Amino acid sequence: MVMGSGGRPIPTPNIDDDGLTLFEPDHDAIDFFESLEGMRVRVNDAVVAGPTSKYGEIVVLGDEGADSRLRSSRGGVIITGENSHPERIMIDDRLVAHPPAMRVGDRLSGEIDGVLHYSYGSYKLLNTEVLSVGIRATVEPTARALSADGNHLTVATFNVENLSAGSQETKFASVAEIIVRRMGAPTVLALQEIQDDTGPEDDGTVSAEDTLGRLVDEVVAAGGPRYDWRQIDPVDKADGGQPGANIRVALLFDPARVKIGDRSAADHTAKVVTGPRLHPNPALVSPADPAFTRSRKPLAVELEVDGMRLFVIVCHLRSKGGDDSLFGRRQPPIRWSEDQRKSQTALVRNLIDDVMAVNPEARIVVLGDLNDFEFREPVDLLAEEPMVNLMERLPESERMTYVYQGNSQILDHIIVSPVLAENAEIEIIHVNSEFPASERASDHDPVIARFKLGD
């Protein structure tokens, strides 16, 4: 049975609209795939929407994506609040191992035949023949167009995917190359998924000084600045992530241009005092609140750049792990993790409001891996007026920092106060998410913003 043109078209964008009370394979995508489970099926003219994963999966669109709406500028499909692209087909290597390394936009040649299977909340095509590469996409890693100068500041965010002092040399070299060559060595750089010095070895270590020191050494070797950094060690096994690795966020900055007035206190909780000033500095946002149980605590840092005060809040919010899958047994799917992210963003928003209550012209940057989309409530709360989510200035077809099961999406954001938003520029550096797991330094793409300082 051909899925698509010349056979049975896949219903899109509707996955299910009746709570699984009716069986409508011509109307509901979940019923369409269920009607074919266990049967031999065929996909023609497949174009890649999700690159080859570490699990050997490739997500494709049949018929060169002819039935897909909102294609990305680089060949994938962009998830929206109304369209999760049920026409995506996941090819799994269970029967035929060693799939080719495919990028988003690449094409597989010929017909793809296999058996339709269901596992882990997804329908999958188990191909019965070796996959052949057709036309390679012209998509290549991008480099920044935005750079710092005497009148401009660059601020960026990068989830480096479980970086520890024990990571392989190739991992450190690749991350450093992206920071220096692709991102232009931003003046201020927020990092997520920095692990402790022994990584997943569960030995009680919480320090990340060796991890960050090794990264900075690699940046210098690649031609970048010797960054200084600030971070606060988590309590052992309290912040989630890979067991034993104690991931946290960190902030790197170029000391040639950026100064910090450290103010210590026994309690790391961020408070706004007269000025406005942050005390202590650096600090954590509401670390004792239940919203951050087994989740990374946002790092708040007050910096001075060219004599101007800048407040930076680095976030890595609760992941989507545990949410119902799009093709799961509950329809519509329940986003179990969203309530915790809403509680987390409310606490971050409280700190923003405290700063702006003292000085409405304060320069504030909130950035990082928010683990949610620009159209969902947790991100909306952070971007409520007068704050501005710079990601929404990008055309919809360019809004992707991450690819999950073939859906290109924004998880990484830069949200700023009005005085910074006025002349801000934003870009995503496409170097990771659209490329095979074997070829990338991380699963996230970095984001960089440039701000004009002074008049």
field: Candidates PHE23, PHE33 - the one that is farther than 25 Å from SER397 by Cβ, aromatic (Phe, Trp, Tyr) and surrounded by fewer than 23 Cβ atoms within 10 Å (Cβ to Cβ)
entry: PHE23
message: Any residue that is acidic (Asp, Glu), touching a Pro at 6+ places or on another chain (Cβ under 9 Å), part of a strand (DSSP E or B) and surrounded by 19 or more Cβ atoms within 10 Å (Cβ to Cβ) - is there at least one of those in region 406-419?
response: yes
Check on LEU125, more than 30 Å from ARG330 (Cβ to Cβ) and not acidic (Asp, Glu): no
- request: Report the residue count in region 345-379 for those that are part of a helix (DSSP H, G or I), surrounded by fewer than 22 Cβ atoms within 10 Å (Cβ to Cβ) and touching a Ser or Thr at 6+ places or on another chain (Cβ under 9 Å).
  value: 5
- prompt: How many residues are closer than 29 Å to ARG103 by Cα, surrounded by 19 or more Cβ atoms within 10 Å (Cβ to Cβ) and not aromatic (Phe, Trp, Tyr) if we restrict to region 380-404?
  reply: 7
task: Could you tell me whether region 182-198 includes any residue that is surrounded by fewer than 16 Cβ atoms within 10 Å (Cβ to Cβ) and either at pLDDT below 95 or outside any loop (DSSP other than H, G, I, E, B) (or both)?
output: no
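This table checks each residue for (1) within 21 Å of the chain's Cα centre (by Cα); (2) more than 26 Å from GLU377 (Cα to Cα); (3) assigned by TED's automatic domain parsing to the domain that holds PHE373; (4) of a type in the set (Lys, Arg).
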| position | (1), (2), (3), (4) |
| --- | --- |
| ILE247 | yes, no, yes, no |
| SER264 | no, yes, yes, no |
| THR269 | no, no, yes, no |
| ALA283 | no, no, yes, no |
| LYS297 | yes, no, yes, yes |
| ASP306 | no, yes, yes, no |
- line: Scanning region 153-180 for residues that are in a strand (DSSP E or B) and of a type in the set (Val, Ile, Thr), the one nearest to VAL403 (Cα to Cα) turns out to be VAL160
message: Tell me yes or no: at least one residue of region 343-353 is within 16 Å of the chain's Cα centre (by Cα), of a type outside the set (S, T, N, Q) and not assigned by TED's automatic domain parsing to the domain that holds PHE33.
response: no
- prompt: In this structure, does ASN407 turn out to be under 17 Å from the mean Cα position of the chain (by Cα) and either closer than 30 Å to PRO436 by Cβ or of a type outside the set (Val, Ile, Thr) (or both)?
  reply: yes
- request: Taking the options PRO86, PRO141, name whichever one is in a loop (DSSP other than H, G, I, E, B), more than 30 Å from LEU310 (Cα to Cα) and modelled with pLDDT under 95.
  value: PRO141
- prompt: On the given criteria, is THR293 modelled with pLDDT under 95 and either surrounded by fewer than 16 Cβ atoms within 10 Å (Cβ to Cβ) or in contact with a Cys (Cβ under 6 Å, 6 or more places away or on another chain) (or both)?
  reply: no
- prompt: What number of residues within region 411-450 are in contact with a helix residue (DSSP H, G or I) (Cβ under 8 Å, 6 or more places away or on another chain), under 21 Å from PRO378 (Cβ atoms) and hydroxyl-bearing (Ser, Thr, Tyr)?
  reply: 1
message: Filter region 214-251 down to the residues that are free of Cβ contacts under 8 Å to residues at least 40 places away in the same chain and not in a loop (DSSP other than H, G, I, E, B) and list them by number.
response: VAL216, ASP217, VAL220, ASP228, TRP229
query: Can you spot a residue in region 132-147 that is hydrophobic (A, V, I, L, M, F, W, C), in contact (Cβ under 8 Å) with a residue 60 or more places away in the chain and either within 26 Å of THR205 (Cβ to Cβ) or assigned by TED's automatic domain parsing to the domain that holds VAL366 (or both)?
result: no
statement: Over region 89-111, the set of residues farther than 16 Å from PHE435 by Cβ, of a type outside the set (Ser, Thr, Tyr) and part of a loop (DSSP other than H, G, I, E, B) is ASP93, ARG94, LEU95, VAL96, ALA97, HIS98, GLY110
- request: Any chance you could count how many residues in region 396-455 are touching a strand residue (DSSP E or B) at 6+ places or on another chain (Cβ under 6 Å) and among the small types (Gly, Ala, Ser)?
  value: 8
query: Does at least one position in region 122-145 carry a residue that is among the acidic types (Asp, Glu), more than 25 Å from the chain's Cα centre (by Cα), surrounded by 14 or more Cβ atoms within 10 Å (Cβ to Cβ) and more than 20 Å from SER408 (Cβ to Cβ)?
result: no
- request: Please verify whether region 301-318 includes one or more residues that are of a type in the set (Asp, Glu) and loosely packed, with under 14 Cβ neighbours inside 10 Å.
  value: yes
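The values are calculated or read from the model by the stated rules, or taken from the named source; none is laboratory data. This structure is a prediction, so every number in the text was calculated from the model and none was measured. Reconstructed Cβ throughout: ideal geometry from the backbone, glycine too, with neighbour counts over all protein chains shown.
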